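The values are calculated or read from the model by the stated rules, or taken from the named source; none is laboratory data. In this text the structure is predicted, and so the values were computed from the model without any measurement. Neighbour counts are summed over all protein chains in view; Cβ atoms, including those assigned to glycine, are modelled from backbone coordinates with ideal geometry.
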Amino acid sequence: MVAGDVNNPLAEQLPPLTAHAAAVEADRCLYCFDAPCTHACPTHIDIPRFIKKIASENLRGSAQTIFASNLLGATCARVCPVQELCEGACVLGSDHKPIAIGRLQRFAMDCARDRNIRPKATATPTGKSIAVVGSGPAGLSCAGELARLGHAVTLFEKRDMPGGLSTYGIIGLREPAEVALEEAQMIESLGVTITTGIEFGKDIALHDVQRDFDATVLSVGLGRTPELGIAGEEAIVDGLNFIEASKAKTTRPEVGRNVLVIGAGNTAIDCATIARRLGAERVTIVYRRTDREMSCYAHEYDFARKEGIEFRFLTQPARVIVKAEGPIGLECLRVDLGARDASGRPAPIPVAGSEFLLPCDQIVKAVGQVKPELAKVLALETRNGFIAVDENFQTGIAGLYAIGDCIRAAGAASTVMAVEDGKLAAKAIDRQFTRSAALAEVG
Amino acid sequence: MADLRIDFAGIKSPNPFWLASAPPANTGAQIHKAFEAGWGGAVWKTIGAPVLNVSNRYGAWHYGRQRMLAINNVELISDRPIEVNLREIAEVKRAWPDRAVIVSAMVEAQPKAWREIVERIEDTGADGIELNYGCPHGMSERGMGSAIGQVPEYCEQITRWVMEAATIPVIMKLTPNITNIVLPARAGVAAGANALSLINTINSIVGVDLDTLELTPSIGGKGGHGGYAGPAVKPIALNMLAALGTDEVVAKSGIPISGMGGIANWQDAAQFLLLGASSLQVCTAVMHYGFRIIEDLCDGLSNWMDEKGFKTIAEVSGHSLHRVSDFKNLDLSFRAVARIDAAKCIQCNLCYVACNDTAHQCIDLVSQEGRVVAPLAYDVRSNGKHEAIETRPQPRVREEDCVGCRLCYNVCPVDDCIAMVEVAPEGDSVTWKELSEQQTGVTEDWETMKAYRERQGIRIH
């Protein structure tokens, strides 16, 4: 999918900045010292520096400045909630328009892609080998950083293509699959071996990697969309599958005329957007709490409303009415909000006897993802169902590390946090090796 | 409403704004158009010796995305046949009797050549003549332009020849490519010139192309110094203008001065007037935006004069000259410190880095709890806009250590955020001149200076 492709309603939404527009925007940057945008970025990219290098037409240097802190700059430039991060912290935000940091980063990363500018990797081989399981943003970042430090890295991916959610789970409007795949190729070019079609726990076991590698990093993300536990659920489309189908090269998902999307996170917004853009006449997000509690970003909510997506708040699905041709309606209950629950939000209390019917011909659910199943399989210690790790990202098993969404017990899961995990874990693993080597010498 | 009319050495115009002798004043058609737009006068592009021009004659200095902060040119004087120029001058003057039409001239340094050009100009009915002693390129290699302007004796000699022949006002235009601008000005006064004008363009090379490694602009692979003009030269022009206004000989002579050099808007114009100009010439701004800028030049100047209570241009002219001082007459006890308005501060920390890296190390970063903190001190795992904004320290001036250098004030991107606040003086009011006359030891010997400072309670920060 190419940005600006008018025939493709799901093509990348924002066109690339022209060189002139990028230079004008870059010149607007004040070049803050100890800049808040850099602090706000989970990977702490030296943002004023890369922007000033765009202004001075040192695009090679600009790309390297980004790579120095974040190997997945191309993905982050597209999917980061910049309003909550760098741009949200821009000092120009209060009185003026914040600098378009995300789009400038994309400009620098597009340029790196076009000119084949690769991240610097100068370390000599260490002789250490590491297995990384899962090639989403956390895994790619960790693998690339480890390779830059001179370690031999093999990345195991169960799917056919690398990139994890970047490739399969993010609406093409924000990130076309090509971007994620090119980024994976760039990581390979740093010396990482990516092996697809290999599922950890099925095709290879923990003892295999423990035998063959000096360390193992789990970057397995989360599982499928959880069960709602309502009658007729088999007629509901899984939101992640729905997005994945929308990113396929030659086919498109089947979309109803009157679509309900259950859930109000960013994935739900993506699903609703896909349905709307692929021809649904009416798309309604069904959420049991209100717009104050929903987990999508404020800018995503604004975007959805501009797309013409409707919202039914305080509405709890109770039963899918299914006929031979598929779902024809979703029976729901009205909800009252009660005291705060474990999530810190008011608990939804369905009102008995308040049943009402939302007619529809397709229902998509996007209500989060189940906790990593691997934790149970490997009997790993968990925190709220997520894999528990120490400050070095090490699990209870020595030499077994975990990063990304599968450890995100607190805070919102995001691509850029996953990238930072990968970077920090790579450094921690490298330190661990150095320490063992030093101890061995002393011994 | 303010009266913008001027009478400059006998040359009258409805407002003080004239096109400077330059490409915008190359032809009758252009000047007709400029007068239609409202220009008060025009100094015709220099006529005189025969020339041939080259292509790629204008270079420019862009800064950031601001185009043409300055222009650099190697265009010579008018390359149009002199008869054509003279005929058009006559036509323009006939068509615009209320506007000032001045003709710039440059011929070889021969009395006969100058006498001849003066007579031919006078025959057109023009209001005045400007002597071009300024062009720093091309013509100077032939002994004209700045080759004259750089030697006060030549200026005086040629101006004398002109004054013997001329019956209309003569303006002698000065080159800034000289160490002391006062000397050629005094030569003009001595020769009896009716007025002075300054500045002509400054010698400059605008740049080197980093792809071709040729000079910018490249004239068939080569380039050279050209005349520099535009907003970037304004401070240099203002200084030279003030130098004439404060020179005893020039000031006492009462010779009027036409000011130019980077005037782009009415604010620049007002500043030239305040420092002693009584007519104004504009070129680069017109070359950038066209003749239409005259509307705001007049409108803005008039509104400002009304606000300030100035009724005529003559009242404004030279109004700030008494504020110009040599360093030796400045009050050494005057003290100001920088104060940052925390409510306006956007915490870009540009003041902090400028002060700490390059000035006097008196701005601290203070945490929300009031502790002085180091920059870049946040935990690597801290992120998000809330943490970044809510934990961001505030720059604060340690006023007791501030020397009042004003660097922070200059780098601050927020209007009225940093103020230079006058504070109680350290020691008695005294100038360096007074010190050097009354307490010679202090100005000549470090030990005596130290004792003096201690007596006065002056601390070096």
Next item on the list: Of all residues in segment A:74-94, count the ones that are more than 19 Å from the chain's Cα centre (by Cα) and in a loop (DSSP other than H, G, I, E, B).
Entry: 2
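Regarding B:G318, is this residue in contact (Cβ under 8 Å) with a residue 60 or more places away in the chain, part of a loop (DSSP other than H, G, I, E, B) and crowded, with 24+ Cβ neighbours inside 10 Å? Break it down stepwise before answering.
Working: in contact (Cβ under 8 Å) with a residue 60 or more places away in the chain: yes; part of a loop (DSSP other than H, G, I, E, B): yes; crowded, with 24+ Cβ neighbours inside 10 Å: no.
So B:G318 does not fit the description; no.
Could we say that A:K423 is farther than 15 Å from A:G136 by Cβ and either under 13 Å from the mean Cα position of the chain (by Cα) or within 12 Å of chain B (Cβ to nearest Cβ) (or both) here? Walk me through it before giving the result.
Details: farther than 15 Å from A:G136 by Cβ: no; either under 13 Å from the mean Cα position of the chain (by Cα) or within 12 Å of chain B (Cβ to nearest Cβ) (or both): yes.
Here the answer is no, as A:K423 does not meet what is asked.
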Notebook entry, point to check: Going through segment B:398-420 one residue at a time, which ones are of a type outside the set (S, T, N, Q), more than 10 Å from chain A (Cβ to nearest Cβ) and not in a loop (DSSP other than H, G, I, E, B)?
Noted result: B:E399, B:E400, B:D401, B:L407, B:C408, B:Y409, B:I418, B:A419, B:M420
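Please go through segment B:183-202 and give me each residue that is under 16 Å from the mean Cα position of the chain (by Cα) and either farther than 16 Å from B:Q281 by Cβ or part of a loop (DSSP other than H, G, I, E, B) (or both), ordered by number.
Kept after step one, since they are under 16 Å from the mean Cα position of the chain (by Cα), are these residues of segment B:183-202: B:196-202.
Result: B:I199, B:N200, B:T201.
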Note to self: Tell me the residue from A:G134, A:G144, A:G164, A:G201 that is within 19 Å of A:G404 (Cβ to Cβ), surrounded by fewer than 22 Cβ atoms within 10 Å (Cβ to Cβ) and not assigned by TED's automatic domain parsing to the domain that holds A:I47, please.
What the structure shows: A:G201
Check: For A:E254, are the conditions met, namely being part of a loop (DSSP other than H, G, I, E, B), outside the structural domain of A:E175 (by TED's automatic domain parsing) and over 18 Å from A:P372 (Cα atoms)?
Finding: yes
Checklist line | Number of the condition not met by A:D336 [criteria: (1) surrounded by 15 or more Cβ atoms within 10 Å (Cβ to Cβ); (2) touching a strand residue (DSSP E or B) at 6+ places or on another chain (Cβ under 6 Å); (3) free of Cβ contacts under 8 Å to residues at least 60 places away in the same chain] | finding: (1)
Note to self: If the requirement is being out of contact with any helix residue (DSSP H, G or I) (no Cβ under 6 Å at 6 or more places or on another chain) and surrounded by 17 or more Cβ atoms within 10 Å (Cβ to Cβ), which of these qualifies: B:E400, B:E387?
What the structure shows: B:E387
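Can you go through B:I77, B:I71, B:I89 and tell me which one is part of a helix (DSSP H, G or I), in contact with a strand residue (DSSP E or B) (Cβ under 7 Å, 6 or more places away or on another chain) and touching a residue at least 60 places away in the same chain (Cβ under 8 Å)?
Numbers: B:I77 fails: part of a helix (DSSP H, G or I); B:I71 fails: part of a helix (DSSP H, G or I).
Exactly one residue qualifies, and that residue is B:I89.
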Notebook entry, point to check: Residue check: is A:A152 modelled with pLDDT under 95, surrounded by fewer than 22 Cβ atoms within 10 Å (Cβ to Cβ) and of a type in the set (A, V, I, L, M, F, W, C)?
Noted result: no
Check: Assuming B:F334 fulfils every condition listed in (1) within 14 Å of chain A (Cβ to nearest Cβ); (2) of a type in the set (A, V, I, L, M, F, W, C); (3) out of contact with any Ser or Thr (no Cβ under 6 Å at 6 or more places or on another chain) apart from one, which condition is it?
Finding: (1)
Next item on the list: Would you mind telling me which numbered condition in (1) away from chain B (no Cβ under 14 Å); (2) farther than 11 Å from A:I54 by Cβ; (3) touching a residue at least 12 places away in the same chain (Cβ under 8 Å); (4) more than 20 Å from the chain's Cα centre (by Cα) A:D110 fails?
Entry: (4)
Item checked: Selection within segment B:266-284 - of a type in the set (A, V, I, L, M, F, W, C) and either within 23 Å of B:D247 (Cβ to Cβ) or part of a loop (DSSP other than H, G, I, E, B) (or both) -> B:A269, B:A270, B:F272, B:L273, B:L274, B:L275, B:A277, B:L280, B:C283
Next item on the list: Among residues belonging to segment B:350-397 that are over 30 Å from A:G422 (Cα atoms), in a helix (DSSP H, G or I) and not aliphatic (A, V, I, L, M), point out the one that is nearest to the other protein chains (Cβ to nearest Cβ).
Entry: B:Y352
Notebook entry, point to check: Can you name the residue in segment B:67-90 that is of a type in the set (D, E) and surrounded by 15 or more Cβ atoms within 10 Å (Cβ to Cβ) and is also farthest from the chain's Cα centre (by Cα) among such residues?
Noted result: B:E88
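Looking only at segment A:35-73, count how many residues are in a helix (DSSP H, G or I), hydroxyl-bearing (S, T, Y) and within 14 Å of another protein chain (Cβ to nearest Cβ). Full working, then the answer.
We begin by selecting, within segment A:35-73, every residue in a helix (DSSP H, G or I); these are A:36-40, A:47-55, A:59-69, A:73.
Going one step further and asking which of them are hydroxyl-bearing (S, T, Y), we end up with A:38, A:62, A:65, A:69.
From what is left, the residues that are within 14 Å of another protein chain (Cβ to nearest Cβ) are A:38, A:69.
Total satisfying the criteria: 2.
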Notebook entry, point to check: Does segment A:323-339 contain at least one residue that is outside any strand (DSSP E or B) and hydrophobic (A, V, I, L, M, F, W, C)?
Noted result: yes
Note to self: Just checking, does segment A:263-282 include any residue being touching a Phe, Trp or Tyr at 6+ places or on another chain (Cβ under 8 Å), part of a loop (DSSP other than H, G, I, E, B) and not polar (S, T, N, Q)?
What the structure shows: yes
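Suppose we filter B:G309, B:G254, B:G318, B:G290 for residues that are small (G, A, S) and within 19 Å of B:K234 (Cβ to Cβ); which single one remains? Walk me through how you get there before you give the answer.
Values: B:G309 fails: within 19 Å of B:K234 (Cβ to Cβ); B:G254 fails: within 19 Å of B:K234 (Cβ to Cβ); B:G290 fails: within 19 Å of B:K234 (Cβ to Cβ).
The unique qualifying residue is B:G318.
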Margin query: Only one of B:W18, B:W39 is touching a residue at least 12 places away in the same chain (Cβ under 8 Å), assigned to a loop (DSSP other than H, G, I, E, B), farther than 30 Å from A:K53 by Cα and among the hydrophobic types (A, V, I, L, M, F, W, C). Can you tell me which?
Written below: B:W39
